[in-house]
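One structure below.
The values are calculated or read from the model by the stated rules, or taken from the named source; none is laboratory data. None of these values were measured; they are calculated from a predicted model. No Cβ is skipped: glycine too gets one built from the backbone with ideal geometry, and neighbour counts run over all protein chains shown. Accessible surface areas use protein heavy atoms only, side chains included; no ligands, DNA or RNA. Shrake-Rupley method; radii C 1.70, N 1.55, O 1.52, S 1.80 Å.
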There are 2 protein chains.
Amino acid sequence: MSAKLIKGTEIGEQILEEITGEVAEIKKKHGVVPGLVTILVGENPASMSYVTLKIKTAHRVGFKEVQDSQPADISEKDLLALIEKYNHDDSIHGILVQLPLPKHIDEKKVLNAIDPDKDVDGFHPVNVGRLMIGGNEVKFPPCTPAGIQELIVRSGVETRGAEVVVVGRSNIVGKPIANMMLQKGKGADATVTIVHTQTRNMAEHCKRADVLIVAAGVPGLVKPEWIKPGACVIDVGVNRVGEKPSKNDPNKMVALLKGDVDFEAASEIAGFITPVPGGVGPMTITMLMRNTLRSLKFKLGIK
Amino acid sequence: MSAKLIKGTEIGEQILEEITGEVAEIKKKHGVVPGLVTILVGENPASMSYVTLKIKTAHRVGFKEVQDSQPADISEKDLLALIEKYNHDDSIHGILVQLPLPKHIDEKKVLNAIDPDKDVDGFHPVNVGRLMIGGNEVKFPPCTPAGIQELIVRSGVETRGAEVVVVGRSNIVGKPIANMMLQKGKGADATVTIVHTQTRNMAEHCKRADVLIVAAGVPGLVKPEWIKPGACVIDVGVNRVGEKPSKNDPNKMVALLKGDVDFEAASEIAGFITPVPGGVGPMTITMLMRNTLRSLKFKLGIK
């Protein structure tokens, strides 16, 4: 392959190191550390493993971390009361409710109950609005798009005046990253196009892209001939396409993951490319940590 | 000229008629009418004339309208208390603070104090966020972008799968209209590109546009050769480029306004085009009325 690999695992690690340093410094100066609570309802195995990883990472960077596990039959009212408790808890700077929630609970209502100033996931309408307004208004950029922007910046890819094409218009990735890339400032200032299921000529748009961000959830959607030679390709897709033997135990099968881009062929054409897994994925939790640190810094008035 | 003229004056008039009908019906059924308060601080002549026009229009469609004029030296605290009063006034469904405010008052703080459910201008971060999230989440689309979308829909221009290019990335027009056009649904579902001051090849992008929305504030920025034959051109620019004798009184001079598009030449190429003035302009107040009506309808649970 000729493309430079953008290793989210390594870049994420580097950022976690930076966060650890900042946390130690703030602790020394102000006697306080960022506090993150993760609220888990029920025992969905995937959710449990995500929460465990978040808590482990929070612990590692020196945060106060609280895992608050609630039974699957908790009432919506009790869950809202729990959030209200953490909204008023001065030692907590980030509140994370692990999704999905059981069906008897209105997810939107629960997420909107989180104090926007502790909404480190960045999904509350106030934070979505702040993101679109841009500049100093932005408080918590949502974690996956923030991770994408960080990967681009730290790989030294120039975005100012660049053609950025975003494939997919989800609220979690496509729309926020498009809005972030078109703002003024570092790692942005790009000419942005969003393409999606209704787009007539997706290939032509992708061919124009200096930076191609693909978040469609369709394995192998982007063909190598859609990629401009030398482009930076960010593949957000994580599609389970089958199983493969585990590296650690060849008798055990694990999920075989593929991105939205035909990686092997694309990496012969692109200038930069993220692998799947190990590209965008690891950045999400890293950015969650950064948002939690940001929350404390806003509170302390540290820039 | 060969382009069909999109007359905002006429379309706006038609929508005001529709609103008048709906207001009368709601009054009959529910015994209530939409209430709009415009808060004017000081005596800026341009602001005064805008407010007068808004109040006149509100009166015409059958709203309860309140004009609350405050002296230029009102304290920020008193202005915030005034807003709080209207936030709790059940007869008021829309609160409008006319900008600009005097320098001793923090505009952002004042605008953010308006109850998002009465923020008929749609500039509160919560409403900006709801707009980007899309679908049923949207409460008050900001007035100028909403007017643009309405002009496109009522002119019978198909947007689904169309190439929409937005020139300009302001928070008042460019960003919101781009976000609206890329959502799912009627008058949207388009492939959207935003170009701006940092864009390398603005002409090439414009040439691709089936719908070209120009909100740059630069008179004559868009050249006729940038326009795709048959395209729909929406010119949001209102630039004061000089003076001309008044139609009513040839001895009096009035502002000579020009759009961001070279209208005469462009109208030979475009399929549809908005004039300046009389295109997008008149739609803004119309959409303010519609948002105020929407506010009451949300409250009454009417779809």
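The figures follow:
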quantity: Filter on A:Lys4/A:Lys186; A:Lys103/B:Lys64; A:Lys175/A:Lys207 - keep pairs with C-alpha separation over 31 Å; calculated: A:Lys103/B:Lys64
quantity: B:Ser2 - accessible surface, heavy atoms, 1.4 Å probe, Å² rounded to 10; calculated: 80
quantity: J(HN,Hα) series, region A:139-148, from Karplus relation 6.51 cos²θ - 1.76 cosθ + 1.60, nearest Hz, glycine and proline x; calculated: 10, 10, x, x, 5, 5, x, 4, x, 4
quantity: Calculated log₁₀ intensity ratio I(q)/I(0) where the Debye formula runs over C-alpha points of the protein assembly as shown, q = 0.08 Å⁻¹; calculated: -0.63
quantity: Position A:Ser75, label points 7 Å along Cα→Cβ, spacing to each other copy in nm (shortest first, one decimal); calculated: 4.4
quantity: Projected area averaged over orientations for region B:129-176, convex hull of C-alpha atoms, nm²; calculated: 3.8
quantity: Surface accessible to a 1.4 Å probe, A:Glu18 within the full protein complex, Å²; calculated: 80
quantity: Rounded to whole Hz, the Karplus (6.51, -1.76, 1.60) HN-Hα couplings of region A:160-171, x for glycine and proline; calculated: 4, x, 6, 8, 10, 10, 9, 9, x, 10, 6, 6
quantity: Charged-residue dipole, Cβ positions (Lys, Arg, Asp, Glu), chain B about Cα centre, Debye nearest 20; calculated: 460
quantity: Shape box of region B:30-124 [Cα atoms, principal axes, largest first, Å]; calculated: 42, 27, 20
quantity: Label 7 Å beyond Cα on the Cβ vector: A:Arg154 copy-to-copy distances, nm; calculated: 5.1
quantity: Those residues of region B:200-231 whose amide nitrogen sits under 18 Å from the label point placed on B:Leu99, 7 Å along Cα→Cβ; calculated: B:215-218
quantity: Distant-in-sequence amide H partners of A:Ala162 (H built 1.01 Å from N, under 5 Å); calculated: A:Thr191
quantity: Cα long-axis angle, helix A:76-87 against chain A (0 to 90 degrees, to the nearest 10); calculated: 90
quantity: C-alpha long axis of helix A:281-300 to longest principal axis of chain A, angle in °; calculated: 50
quantity: In sequence order, calculated HN-Hα J values of region A:31-40 (Karplus, 6.51, -1.76, 1.60; Hz; x Gly/Pro); calculated: x, 9, 10, x, x, 10, 10, 10, 9, 10
quantity: Distances in nm from B:Thr197 to the matching label points in the other copies, shortest first (labels 7 Å along Cα to Cβ); calculated: 3.9
quantity: Neighbouring partner chain Cβ atoms per residue of B:167-173, average, 10 Å criterion; calculated: 2
quantity: Heavy-atom accessible area order for B:Asp235, A:Asp90, B:Asp210, A:Asp249, largest first, 1.4 Å probe; calculated: A:Asp90, A:Asp249, B:Asp210, B:Asp235
quantity: Two-decimal Rg/Rh across region A:142-281, once Rg and the Kirkwood Rh are taken from alpha-carbon atoms; calculated: 0.99
quantity: Chain B: most fluctuating residue of B:Thr144, B:Thr57, B:Thr284 per GNM, C-alpha cutoff 10 Å; calculated: B:Thr57
quantity: Other protein chain Cβ atoms within 10 Å, averaged over every residue that makes up B:202-212; calculated: 1
quantity: Averaged over A:149-161, number of beta-carbon atoms from partner chains that fall within 10 Å; calculated: 1
quantity: Residue among A:Gly259, A:Gly279, A:Gly185 with the largest mean-square fluctuation in a Gaussian network model of chain A, springs linking Cα atoms under 10 Å; calculated: A:Gly185
quantity: Contour minus Cα-Cα distance for B:Glu204 and B:Arg240 (0.36 nm per residue); calculated: 10.2 nm
quantity: Region A:1-82 - convex hull of the alpha-carbon atoms, volume per residue in Å³; calculated: 128
quantity: Shape box of chain A [Cα atoms, principal axes, largest first, Å]; calculated: 53, 49, 37
